[in-house]
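Colleague: Before I ask anything, here is the structure I am working with.
FYI, it's all coordinate maths here, none of it is from the lab. Everything numeric in this text was worked out from a predicted model, so none of it was measured. Virtual Cβ from ideal backbone geometry, glycine too; neighbours counted across all protein chains shown.
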Amino acid sequence: KIKDPKVLGIDPGVKQYTGYLDVEEEDKHFFYWFFESRNDPKNDPVILWLNGGPGCSSLTGLFFELGPSSIGPEIKPIYNPHSWNSNASVIFLDQPVNVGYSYSGSGGVSNTVAAGKDVYAFLQLFFKQFPEYASGQEFHIAGESYAGHYIPVFATEILSHPQEERSFNLTSVLIGNGLTDPLTQYSYYEPMACGEGGEPSVLEPEECEGMLDTLPRCLSLIESCYESESVWTCVPASIYCNNAQMGPYQKTGKNVYDIRKECQGELCYAEMKYMDEYLNLDVVKQAVGAEVDNYESCNFNINRNFLLAGDWMKPYHKAVTNLLNQGLPVLIYAGDKDFICNWLGNEAWSNVLPWKHAEKFQDQPVKNWISSTTGDKAGKVKNYENFTFLRIYGGGHMVPFDQPENALAMVNDWVKGSYN
Amino acid sequence: ASLQNVFQANTLLDKARNALGLSEQQLLDSVPKSIQKVWGEMGMLFPKETAELEFITKPKSKINSKPDSQWDFVVQEHPEHKLRVN
């Protein structure tokens, strides 16, 4: 038998499950890690957490952002008192295949939508095996960055199945520092990098000028991608725009995930190497039943995957319109120090998103968000009915890493139903 | 550069076409001239990124899969999917 993951001491007090969802015919195997709520798992909600990339493991969310422990320089767990399983059970899922501990013996998944059906199957089987977590508890999907593509698709997939067929209910979705409406969001790299996002400019005036000069061509390529949604127009859009709009900032050596910092190491955070080392320890792989011999936090092969490059610029915000019109609560939150999925772009697309109460949403005042754990003015919030945009002060791309108390306040308030 | 460009574009488009299993004619039918030109330009403007494009995701190196008997639960109630639980 594989050992109990509890032996690792990540969260010794709670029940945990790890394992794989196997898609036999396609030789795809998705790794997951479940932690029960530290509070009251029989009543607390369940959250599925997805990281983006594309090609980054959700175990980065576990060990670097919001999970029960982080990994320190001694390559040992450090207890996280602000873990998101304080008042909810949390599932971390590595997808698409060849991300983290997930794998495929053959060529991998090349676009997001194919993974949607697998995620639905995973949830069906998980809650069939563990009905004690779907006996009245609510279920939310949360994620960040490229999960801004995944989550609207996965939620649409789930809601496309009749309620009576499902072994679980979807209560809401949360997208943090996401990429969901590139046509709107790509106009906000220049303002964010050039002093209009709340931090001083990190580029010279002529570089800002250069970004503005290339923007019309970039937007016209994205528009072609929106119209055709064909890989032939979408791949050039992502290559052209990412070079033209992100290139100047990247050349400064600044951390694309936090405009206040320099980029250190392959993923811009030197501390991230500790969790890589930890997840490659045999004792860890044996305790969780990992079936790959090498763990990487981000698989750049996938990030350079040609079809995902085409996926990048597709209009996934259209799926958000449908979710909102079906009444599903949607939270778009953004740490305001991130460049690569910055708060200006996320605020902008939230404001222009067409849905049945779009005008009323636009007319709502932007209020101070008071964190329920610290009592601080921790950001700005705008809400109408089931749609909320939240700017979080002092957060980078990975808000729970920079603002752990306020991130926990946000998720606890949200899953309790305080959508405003 | 323009000569190189054409080869670059063709190479890249051919690689993409092969990845999608399309014939030459299917490609010409589905990709307007204007877009073929953009692909050529892309190869010239961003040779590194276009050269790095991966057309299939390479499978993970070594896999040591564990038999169902080593897992605490194995759930097979979904047609093509199986859940293994530790």
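Colleague: Output the 0 to 90 degree angle, nearest 10, between the alpha-carbon long axis of helix B:33-45 and the longest principal axis computed from the alpha carbons of chain B.
Modeller: 80
Colleague: Next question. May I have the extent of the alpha carbons of segment A:288-332 along their three principal axes, as whole Å values ordered from largest to smallest?
Modeller: The Cα atoms of segment A:288-332 stretch 44, 30, 16 Å along their principal axes.
Colleague: Moving on to the next point. Assuming a ≥ b ≥ c are the square roots of the Cα gyration tensor eigenvalues, decide whether segment A:1-141 counts as rounded (a/c under 1.5), prolate (otherwise, with a/b larger than b/c) or oblate. Could you put the intermediate results ahead of the total?
Modeller: On the way: a/c = 1.76, a/b = 1.27, b/c = 1.38.
Oblate, because a/c is 1.5 or more while a/b does not exceed b/c.
Colleague: Turning to a different aspect of this structure: Report, for chain A, the % of DSSP beta bridges that are antiparallel, rounded to 5. Walk me through the intermediate numbers first.
Modeller: On the way: 30 of 55 bridges.
Once the DSSP bridges in chain A are tallied, antiparallel ones form about 55 percent.
Colleague: Find the centroid of the Cα atoms in segment A:14-76 and in segment A:254-297, then give the distance between the two in whole Å.
Modeller: 14
Colleague: Same structure again: Pulled fully out, how much extra length does the chain show between A:L281 and A:T252, if you take 0.36 nm times their separation in residues and subtract their Cα-Cα distance?
Modeller: Full-extension gain reported as 6.9 nm.
Colleague: Can you tell me the orientation of helix B:2-20 relative to chain B, as the angle in degrees between its alpha-carbon axis and the longest Cα principal axis, to the nearest 10?
Modeller: Taking the Cα atoms of chain B, the angle to B:2-20 is about 30 degrees.
Colleague: So what is the relative contact order of chain B, in percent, for Cα pairs below 8 Å that sit 6 or more residues apart?
Modeller: RCO, chain B: 25 percent.
Colleague: Tell me the label-point distance for the pair A:Y419, A:N368, using the 7 Å Cα-to-Cβ offset, in nm and rounded to one decimal.
Modeller: Taking the simple label geometry, A:Y419 and A:N368 are separated by 2.6 nm.
Colleague: At a temperature of 20 °C and a viscosity of 1.002 mPa s, determine how fast the protein assembly as shown diffuses translationally according to Stokes-Einstein, using the Kirkwood radius over alpha-carbon pairs as Rh; express D in µm²/s, rounded to the nearest whole number.
Modeller: 92
Colleague: Mean separation of Cα pairs under 8 Å and 6+ residues apart, divided by the residue count of chain A: what relative contact order is that in percent?
Modeller: 18
Colleague: Assuming 0.692 mPa s and 37 °C, estimate D for segment A:281-413 with Stokes-Einstein, Rh taken as the Kirkwood radius over Cα pairs, in µm²/s.
Modeller: Once the numbers are plugged in, D ends up at 190 µm²/s.
Colleague: Between B:E24 and A:I78, how many nm apart are label points set 7 Å from Cα along the C-beta direction?
Modeller: 6.1
Colleague: Roughly what percent of Cα-Cα pairs across segment A:261-313 reach past 14 Å? Could you put the intermediate results ahead of the total?
Modeller: On the way: 890 of 1378 pairs.
It works out to 65 percent of all Cα pairs.
Colleague: Quick one, could you list the DSSP H helices from chain A stretching 20 Å or more along their long axis (Cα atoms) with average Kyte-Doolittle hydropathy of 0.0 or above?
Modeller: Taking the DSSP H segments of chain A (at least 20 Å long, mean hydropathy at least 0.0), we get A:112-129.
Colleague: Could you work out how far the C-alpha centroid of segment B:33-69 sits from that of segment A:157-187, in angstrom?
Modeller: Going from one Cα centre to the other spans 27 Å.
Colleague: Would you mind classifying segment A:248-342 by shape? Square roots of the alpha carbon gyration tensor eigenvalues, ordered a ≥ b ≥ c; an a/c under 1.5 is rounded, otherwise it is prolate if a/b is larger than b/c and oblate if not.
Modeller: Oblate, since a/c reaches 1.5 and b/c is not below a/b.
Colleague: Modelled label-to-label distance, B:M44 and A:N325, 7 Å Cα→beta-carbon offset: nm?
Modeller: Between B:M44 and A:N325, the label points sit 4.3 nm apart.
Colleague: Across the residues of A:300-307, average count of Cβ atoms on other protein chains within 10 Å?
Modeller: Working: counts 2, 5, 3, 2, 7, 6, 12, 8.
Mean partner-chain Cβ count within 10 Å for A:300-307: 6.
Colleague: Further question: Per the Kirkwood formula on distinct C-alpha pairs, the Rh of segment B:6-84 is how many angstrom?
Modeller: After inverting the pairwise mean of 1/r, the radius is 16.2 Å.
Colleague: How high is the FRET efficiency from A:H357 to A:K117, r the C-beta distance, R0 25 Å, rounded to 0.05?
Modeller: So the FRET efficiency works out to roughly 0.25.
Colleague: Taking only DSSP H segments of four or more residues, each worth -39500 (n - 2.57), what value at 222 nm results for chain A once the sum is divided by all its residues, to the nearest 500 deg cm²/dmol? Working shown, then result.
Modeller: On the way: 16 runs with 147 residues, N = 420.
Mean residue ellipticity at 222 nm (helix-derived): -10000 deg cm²/dmol.
Colleague: Please work out the FRET efficiency for the pair B:Q70 and A:E405, using the Cβ-Cβ distance as r and a Förster radius of 60 Å; give the result to the nearest 0.05.
Modeller: The computed FRET efficiency comes out at 0.90.
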